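Below is one structure, written out as structure tokens, with a few remarks after it.
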Amino acid sequence: MNSIAIKKIGLEQLVPLQEIGRKTFYDTFFESDSEESMKAYLATSFSTEKLTAELENPNSEFYFATQNEVVIGYLKVNFGSAQTELQDANAVEIERIYVLQDYHGKQVGQLLFEKAMAIAKSNHCNYIWLGVWEENHRALQFYTKNGFVAFDKHIFVFGDEEQTDIMMKLKLV
């Protein structure tokens, strides 16, 4: 396999971010949710306005995983007030690690996770945290394998459905 590069992106990569974000989210969850809810979520969560605001937020960072200049996955991390829940200055949130299905099992997710770890350590964070849908068994297994432990739950509203996310953390100190 050709080498995979991880690089920080900015506003100039908005369109490829929309494309990879919509595709990976749809491919991960389309079997579990209604088409109507999925279309609404993708239109809102990956809109130009929303992603522009996220890319311009100094407390959020996005990274692409690329192979031969093709985007195959991405990472979003949040600091401080950009964190979706805890907003702990001593923590970093992994909001998203998504990889194209053709690259599952090829260490792309692991490389993105390791990038998140390096970011957290370079920022002297005490821990990394995230939320994972309780039915996303692949992700739960991935994070458990990497040392995360469940510490709470929260509700994620998707369309007209309430879903439970398992909140997990990994202590770094």
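The table that follows gives values for the structure above.
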read-out: Where labels lie 7 Å past Cα in the beta-carbon direction, separation of THR44 and ALA89 in nm; value: 3.2 nm
read-out: For region 18-74, alpha-carbon Rg and Dmax in angstrom; value: 12.7, 35
read-out: Largest to smallest principal axis extent of the C-alpha atoms in region 36-119, angstrom; value: 37, 34, 21
read-out: Surface per residue (accessible, 1.4 Å probe) for the chain, Å²; value: 53 Å²
read-out: Loop-located chymotrypsin sites (Phe, Trp or Tyr not before Pro) in region 29-98 whose Cβ has at most 12 other Cβ within 10 Å (DSSP); value: PHE30
read-out: Loop GluC sites (Glu not before Pro), region 77-173, which have at most 15 other Cβ atoms in a 10 Å radius of their Cβ (DSSP); value: GLU85, GLU134, GLU135
read-out: Heavy-atom accessible surface of the chain: percent carbon and sulfur, 1.4 Å; value: 48 percent
read-out: Total charge dipole magnitude, region 81-131, about the Cα centre, Cβ charges on Lys, Arg, Asp, Glu only, Debye to nearest 20; value: 200 debye
read-out: Virtual spin-label span in nm between GLN107 and ASP160, 7 Å along Cα→Cβ; value: 4.7 nm
read-out: Low-density loop cleavage sites - GluC sites (Glu not before Pro) in region 4-56, where at most 16 other Cβ are within 10 Å (DSSP); value: GLU31
read-out: Given charges at beta-carbon only (K, R positive; D, E negative), |dipole| of region 1-117 in Debye; value: 340 debye
read-out: Taking only Cα atoms of region 40-173, radius of gyration then Dmax in Å; value: 14.7, 40
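The values are calculated or read from the model by the stated rules, or taken from the named source; none is laboratory data. If you're wondering where the values come from, they're calculated on a predicted model, not measured in any experiment. With ideal geometry, Cβ positions are generated from the backbone for all residues, glycine too; neighbour counts draw on all protein chains shown. To get the accessible areas, we keep the full protein, side chains included, count just its heavy atoms, and leave off ligands, DNA and RNA. Shrake-Rupley method; radii C 1.70, N 1.55, O 1.52, S 1.80 Å.
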